[in-house]
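These notes concern the structure reproduced below.
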Amino acid sequence: MNELIKAIKELKQEKNAIILAHYYQEGEIQDIADYVGDSLALAQWAAKTEADIIVMCGVHFMGETAKVLCPDKKVLVPDMAAGCSLADSCPADKFGQFVKEHPGYTVISYVNTTAAVKAVTDVVVTSTNARQIVESFPEDEKIIFGPDRNLGNYINSITHRQMLLWDGACHVHEQFSVEKIVELKQQYPEALVLAHPECKGALLKLADVVGSTAALLKYAVAHPEHTYIVATESGILHEMQKKCPQTLFIPAPPNDSTCACNECSFMRLNTMQKLYDCLKNESPEITVDPAIAEKAVRPIQRMLDISAKLGL
Ligand code: 13P
Ligand code: SF4
């Protein structure tokens, strides 16, 4: 492994590449990355890097977002098959039809979508800025929110809006078992439940803190004295444990204990070997149809501009 780490670092330097990694990546990939972050931070770093090559250790839509923001750069992903069930739950043709059927609505899309969906969107959000961006619109604004029904319902509940929701979801976050978390709470009565807003409403109701991966991490770092049950993809525990070595973090269990559904199988397709190979071969490379990219860049840039103003 040491040889591989050394070789990746050398290639990175030689090719003026930057490695960006999401918190759901394997720990060793997070450790070698130049930046580790949530979906918003990955887009922000991509937008400002001066590197010639961006290696996006995450899933396809993250690579697409980087490519749309940096059309002149080469954007690589270690495994092109690293998709996203949430993005898949929102096919661009069907979403486009839905938008057409609702004239006069502002379209807000979660970043977990294809560039083609972003192309029919007014403003993109991530779980870090969704609340503030929704609240930046007047209370009576007619809004379509897609594709995550759980995040949409959660934002509706905290902002008292009635956004029209697309019926999509993430298979990882919907798998967490409320019953098993209740059992864990009996075993660890002092533990706080940290939950990502892509989880179902019943789970969010019993959570002590609801937030993006970055927000959950920030909370734990600010309060390392607690024990935590963590209801999001278990890759986040790597950074939590690194930042809070004395704290007990318990990954929330999925419904089906025969599979490790609290790991995103798409995210976990990326490996150190594939990271090395993609840097060496400069492949697989993300491409986006320029006509789609031209439309998709506007709502992404709008999100970055609002986030900058909000200090996010
Ligand atoms: P954040 O990175 O915004 O926390 O979202 C989590 C996620 O599911 C990314 O795919
Ligand atoms: Fe998509 Fe869910 Fe995996 Fe995130 S955890 S990349 S939303 S499938």
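The values are calculated or read from the model by the stated rules, or taken from the named source; none is laboratory data. Worth saying up front: this structure is predicted, and the values here are computed from it rather than measured. Note that we place each Cβ from the backbone using ideal geometry, even for glycine, and neighbour counts take in every protein chain shown. Heavy atoms of the whole protein, side chains included, go into the accessibility calculation; ligands, DNA and RNA do not. Shrake-Rupley method; radii C 1.70, N 1.55, O 1.52, S 1.80 Å.
Listed here are the residues, each with its yes/no results for (1) among the polar types (S, T, N, Q); (2) closer than 13 Å to residue 197 by Cα.
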{"position": "103", "(1), (2)": "no, no"}
{"position": "116", "(1), (2)": "no, no"}
{"position": "126", "(1), (2)": "yes, yes"}
{"position": "154", "(1), (2)": "no, yes"}
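If you check residue 88 against the conditions, is it among the acidic types (Asp, Glu) and under 15 Å from the mean Cα position of the chain (by Cα)? So residue 88 passes the test. State whether the residues of the stretch 136-146 include one that is touching a helix residue (DSSP H, G or I) at 6+ places or on another chain (Cβ under 8 Å), part of a helix (DSSP H, G or I), at pLDDT 95 or above and not hydroxyl-bearing (Ser, Thr, Tyr). Checking the stretch 136-146: not a single residue is touching a helix residue (DSSP H, G or I) at 6+ places or on another chain (Cβ under 8 Å), part of a helix (DSSP H, G or I), at pLDDT 95 or above and not hydroxyl-bearing (Ser, Thr, Tyr). Of all residues in the stretch 85-106, those that are of a type in the set (S, T, N, Q) have Cβ atoms under 7 Å from Cβ atoms of residues that are in a loop (DSSP other than H, G, I, E, B) and within 16 Å of ligand 2 (Cβ to nearest atom), 6 or more apart or on another chain, in 85/170; 85/171; 89/147; 89/169. Residues of the stretch 225-282 that are in a loop (DSSP other than H, G, I, E, B), without any contact (Cβ under 8 Å) to a residue 60 or more places away in the chain, open to solvent by less than 60 Å² (accessible area, probe 1.4 Å) and away from ligand 2 (no atom under 16 Å from the Cβ): 226, 227, 244, 247. If the condition is being touching a Pro at 6+ places or on another chain (Cβ under 6 Å), within 22 Å of residue 37 (Cα to Cα) and among the small types (Gly, Ala, Ser), then the stretch 125-177 contributes only 127. The residues of the stretch 42-61 that are within 14 Å of ligand 1 (Cβ to nearest atom) and in contact with a strand residue (DSSP E or B) (Cβ under 7 Å, 6 or more places away or on another chain), listed by number, are 42, 45, 46, 56, 57, 58.
Residues checked against (1) in a loop (DSSP other than H, G, I, E, B); (2) crowded, with 23+ Cβ neighbours inside 10 Å; (3) within 13 Å of ligand 1 (Cβ to nearest atom):
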residue	(1), (2), (3)
171	yes, no, yes
183	no, no, no
198	yes, yes, yes
202	no, no, no
205	no, no, no
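Considering the stretch 27-56, and only residues there that are among the acidic types (Asp, Glu) and surrounded by fewer than 19 Cβ atoms within 10 Å (Cβ to Cβ), the residue that is nearest to residue 262 (Cα to Cα) turns out to be 28.
Just one of the listed residues (167, 140, 148, 122) is within 16 Å of ligand 2 (Cβ to nearest atom) and under 22 Å from residue 306 (Cα atoms), and it is 148. Of the residues making up the stretch 220-239, those that are closer than 24 Å to residue 44 by Cβ and more than 13 Å from ligand 1 (Cβ to nearest atom) are 220, 221, 222, 237, 238. Please verify whether residue 193 is farther than 30 Å from residue 99 by Cβ, open to solvent by 20 Å² or more (accessible area, probe 1.4 Å) and β-branched (Val, Ile, Thr), treating the condition exactly as stated. Criteria not met by residue 193.
Exactly one residue among 46, 66 is closer than 26 Å to residue 28 by Cβ, at pLDDT 95 or above and within 16 Å of ligand 2 (Cβ to nearest atom), and that residue is 66. Any residue in the stretch 71-86 that is open to solvent by less than 10 Å² (accessible area, probe 1.4 Å), of a type in the set (S, T, N, Q) and either within 16 Å of ligand 2 (Cβ to nearest atom) or at pLDDT below 95 (or both)? No: the stretch 71-86 contains no residue that is open to solvent by less than 10 Å² (accessible area, probe 1.4 Å), of a type in the set (S, T, N, Q) and either within 16 Å of ligand 2 (Cβ to nearest atom) or at pLDDT below 95 (or both).
Residue 19: buried (at least 20 other Cβ atoms within 10 Å of the Cβ), more than 16 Å from residue 66 (Cα to Cα) and of a type in the set (A, V, I, L, M, F, W, C), yes or no? Against the criterion (buried (at least 20 other Cβ atoms within 10 Å of the Cβ), more than 16 Å from residue 66 (Cα to Cα) and of a type in the set (A, V, I, L, M, F, W, C)), residue 19 does not qualify. Considering only residues that are more than 19 Å from residue 281 (Cβ to Cβ) and assigned to a helix (DSSP H, G or I), which ones fall in the stretch 43-73? The answer is 43, 44, 45, 46, 47, 48, 61, 62, 64, 65, 68, 69. Restricting the first member to the stretch 13-32 and to residues that are on the phi > 0 side of the Ramachandran plot and more than 14 Å from ligand 2 (Cβ to nearest atom), and the second to residues that are assigned to a loop (DSSP other than H, G, I, E, B) and at pLDDT 95 or above, the beta-carbon pairs closer than 7 Å and six or more apart or on different chains are 16/51; 16/52.
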